[in-house]
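Just below is one structure, and these are the notes that go with it.
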Amino acid sequence: MRLVMTEPVERMERPYGRRWWALLVLCLSLLIIVMANTALTVAAPDMTKDLGLSSADLQWVIDGYTVPYAALMLLLGAIGDKYSRRGALVLGLTVFGAGAVFGYFAGSAATVIAARAVMGVGAALIMPATLSLLAATFPRAERAKAITLWTATAGLAIAAGPVVAGALLRGHGWSSTFLINVPIAAVALVAAFVLVPPSRAGGSEGKHNRIDYVGGLLSVIWTGSLVYMIIEGPHFGWGAKAITAAVVAGVGLAAFIAWELRHPRPILDVRRFTARRFAGSNLAVALFFLAVFGAFYYLTQHLQFVLGYDALETGVRMLPLAGAVFVGSALTGVLTPRFGMKWTVTAGMVAGTTALALLARVDAASTYADFVTPLIILGLAIGLALSPCTDAIMGAFPEFELGVGGAVNDTSLELGGSLGIAILGSLLATSYSNHLSDATAGSRLPASARDTAQDSVGAGYAVAQGIGEKAHRLAAQAAHAKDPQQAAQLKQQAAELAVGARQMADAVGSSFSDAVARTSLVGAVVLGIGTVLVAVLLPRREAAAPEVPEVPEVKEERREGGKEPARTPAG
């Protein structure tokens, strides 16, 4: 066995023999990208206490990964197509692993955010490379199945992150959640050289298709500004920073579209979005991850804070979602060829809407049993809908633009996820604060304690715990007081504080449960409206493979090359 392969997959006369082993490497690479975010959700409380993070610091610890990740994918996907897709994967794993090591040794908010940003750059290299290598390595007849397994891996990572992080946090500090990525990245790095064949845009396309760096830079500007605005506005208010980011995003997007329409070899031919199947698939991916990331954001908090599970127990209780993703992925492999992607994607989105609607019934008396059915339905929905959409998006691109295709799919995913956390997270925080303000309006608790409790559910329970601890101290003092009158006063104060602590804890739990219900209802309405739009956009099965508009200059160059390369049909 050769450790480093020299023959690019594009030159092989028959399908690559070890392509399923290569898929394992690609899925392993995808696993750590998704786990990097989901693991952090359960490590955040310990990190906040240890580093003294403010709410703004914690938000940017989470989103410092997202901004470079979303902004750079399109440009780095195109560079991978031009020079080496496997090289992009290897470089991405190296950068990602280095960022994880940096995060392990970080000792301040600034260094943790910087480490997360480095990991985001690595993820922006890895994510489009995994899809482009998958599409280049597998023949069209097997590609849908391979993409289904790729999608199922993402579902597994959503639940695996909290489980692995929770297990580590029982005996180690929050920094261990960074270090778990390093051995996985190292294994994937070595295996990439052994099992993943080289791949890049070959033939006449590789020779003449120069990278549109201006378009790439404009994509970085408008995408990065948009994600920054999504994060900054809802969480920190629509001040100068958020408004400036919104203006830059709008102007940057307009300039990007204008440039791409006129450029002879654009980094992304925006005319593709006139194809209903392509546009509908991207919209479905964005809306689905808006719902999934938003729901995951508040469900993990509810399980940890309101129901009292620790990090590991929370992760274990998210596993039904991961298992359901695998079942849904298996179903879509059977149903999509029979009924067409329009029906499986629509059915998946209807199921996702139903799951969120069921979560709208959550209240203060809800137990974990009330969450199991929505989690299973949501997992089935992910498996049903996302694989056909990803397959359709990748199928819309010729072989020499597979990295760009992967980047488009992943950018839709990341923009949707960012919107989900920002919009639904902001709505959750506002609803919780308003409910708690009403619930504690007539209490005798200090105004400062009520204001602090309204910051977040974690802060609310911390206030209740602090009041309870003060009650215990007063009770202890009363037990040792020699003056009976003083002892009686201390006992009364302790009893009042104990009642206040219970009232605060009950108010926090009920307020957050009400906020989860209201946020879920809004999410269901958004996804429901999106379901109708996607159902209208996606063509019927017999019209599932529209011709994707081509750039004339690229067509001419293909003819000059003397050989028309095999095209992957869009359907």
The stretch 224-243 versus the stretch 114-189: alpha-carbon centroid distance in Å: 28
At 7 Å along the Cα-to-beta-carbon direction for both Leu179 and Glu496, put a label point, then send me their distance in nm to one decimal. 4.9
By what distance, in whole Å, do the Cα atoms of the stretch 245-337 stretch along each of the three principal axes, largest value first? 56, 42, 17
Rounded to whole Å², per residue accessible area for the chain with a 1.4 Å probe reads 41
Given a cut-off of 31 Å, name the pairs among Lys82/Lys145; Lys49/Lys482; Lys82/Lys241 whose C-alpha atoms lie farther apart than that in the structure shown. Lys49/Lys482; Lys82/Lys241
Considering only the other residues whose Cβ falls under 15 Å of the Cβ of Leu359, what net charge follows from Lys and Arg at +1 and Asp and Glu at -1? 0
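Using 0.36 nm per residue, how much length does the chain from Asp438 to Phe273 gain when fully extended, once their Cα-Cα distance is taken away? Let's see the in-between values first.
Working: separation 165, 0.36 × 165 = 59.40 nm, distance 4.69 nm.
So the chain would gain 54.7 nm between Asp438 and Phe273.
How large is the convex hull of the C-alpha atoms of the stretch 370-511 per residue, in Å³?
On the way: hull volume 20.3 nm³, N = 142.
Each residue corresponds to 143 Å³ of Cα convex hull volume.
Counting only protein heavy atoms and a 1.4 Å probe, tell me what percentage of the chain's accessible area is made up of carbon and sulfur.
On the way: 14790 of 23280 Å².
On the chain, the fraction of accessible area on carbon and sulfur atoms equals 64 percent.
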With +1 assigned to the C-beta of every Lys and Arg and -1 to the C-beta of every Asp and Glu, and no other charges, what is the dipole magnitude of the stretch 203-314 about the Cα centre in debye, to the nearest 20? 660
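Do any chymotrypsin sites (Phe, Trp or Tyr not before Pro) in the stretch 27-109 lie in a loop, going by DSSP, with at most 16 other beta-carbon atoms within 10 Å of their beta carbon, and if so which? Let's see the in-between values first.
Numbers: sites: Trp60, Tyr65, Tyr69, Tyr83, Phe96, Phe102, Tyr104, Phe105; in loops: Tyr65, Tyr83.
Those satisfying the criteria are Tyr83.
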Let me check I've understood the local charge: for Ala70, count other residues with C-beta under 11 angstrom from its C-beta, Lys and Arg +1, Asp and Glu -1. What total comes out? -3
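At 222 nm, what helix-only mean residue ellipticity would the chain give, in deg cm²/dmol to the nearest 500, using -39500 (n - 2.57) for each DSSP H run of four or more? Could you put the intermediate results ahead of the total?
Working: 22 runs with 438 residues, N = 571.
It lands at -26500 deg cm²/dmol.
Taking the chain on its own, what percent of its Cα-Cα pair distances exceed 35 Å?
On the way: 62650 of 162735 pairs.
Within the chain, distances greater than 35 Å cover 38 percent of Cα pairs.
For Phe193 and Lys145, what does the FRET efficiency come to when R0 = 25 Å and r is the distance between their Cβ atoms, rounded to the nearest 0.05? Let's see the in-between values first.
Details: r = 25 Å, r/R0 = 1.00.
Once rounded, the FRET efficiency stands at 0.50.
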Taking 477-484, 495-502 and ranking on average Cβ neighbours within 10 Å, highest first, one gets 495-502, 477-484
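Rounded, prolate or oblate, given the Cα gyration tensor of the stretch 421-482, with a/c below 1.5 counting as rounded?
Values: a/c = 4.96, a/b = 2.56, b/c = 1.94.
Cα axes put the stretch 421-482 in the prolate bin.
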Limiting things to C-alpha atoms, what are the Rg and the maximum Cα-Cα separation (Dmax) for the stretch 130-172, in angstroms? 15.2, 47
Ignoring everything but the protein chains, give the 1.4 Å probe accessible area of Ile377 in square angstrom, nearest 10. 40
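Using a/c under 1.5 as the rounded threshold, could you call the stretch 145-267 rounded, prolate or oblate? The axes a ≥ b ≥ c are square roots of the C-alpha gyration tensor eigenvalues, and prolate needs a/b larger than b/c, oblate otherwise.
Working: a/c = 2.78, a/b = 1.20, b/c = 2.32.
Here the stretch 145-267 falls in the oblate category.
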Helix 109-137 sits at what angle to the longest principal axis of the chain, using alpha carbons and giving 0 to 90 degrees rounded to 10? 40
Under Stokes-Einstein, the stretch 77-181 at 25 °C and 0.890 mPa s, with its Kirkwood radius over C-alpha pairs, diffuses with a coefficient in µm²/s of 161
Per 10 Å bin, what percent of the C-alpha pairs of the stretch 26-127 does each bin hold, from zero upward? 17, 48, 26, 9, 1
Charge dipole (the chain, unit charges on Cβ, about Cα centre) - positive-most of Ser511, Ala385, Gly239: Ala385
Based on the Cβ-Cβ distance of Arg473 and Arg210, what FRET efficiency does E = 1/(1 + (r/R0)^6) give at R0 = 51 Å, to the nearest 0.05? 0.10
Taking only protein heavy atoms and a 1.4 Å probe, the highest-to-lowest accessible-area order of Asp370, Asp212 is Asp370, Asp212
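The values are calculated or read from the model by the stated rules, or taken from the named source; none is laboratory data. Only a predicted model underlies this, so the values are computations on that prediction, with no experimental measurement involved. With ideal geometry, Cβ positions are generated from the backbone for all residues, glycine too; neighbour counts draw on all protein chains shown. Note: accessible area is taken over every heavy atom of the protein model, side chains too, but ligands, DNA and RNA are not part of it. Shrake-Rupley method; radii C 1.70, N 1.55, O 1.52, S 1.80 Å.
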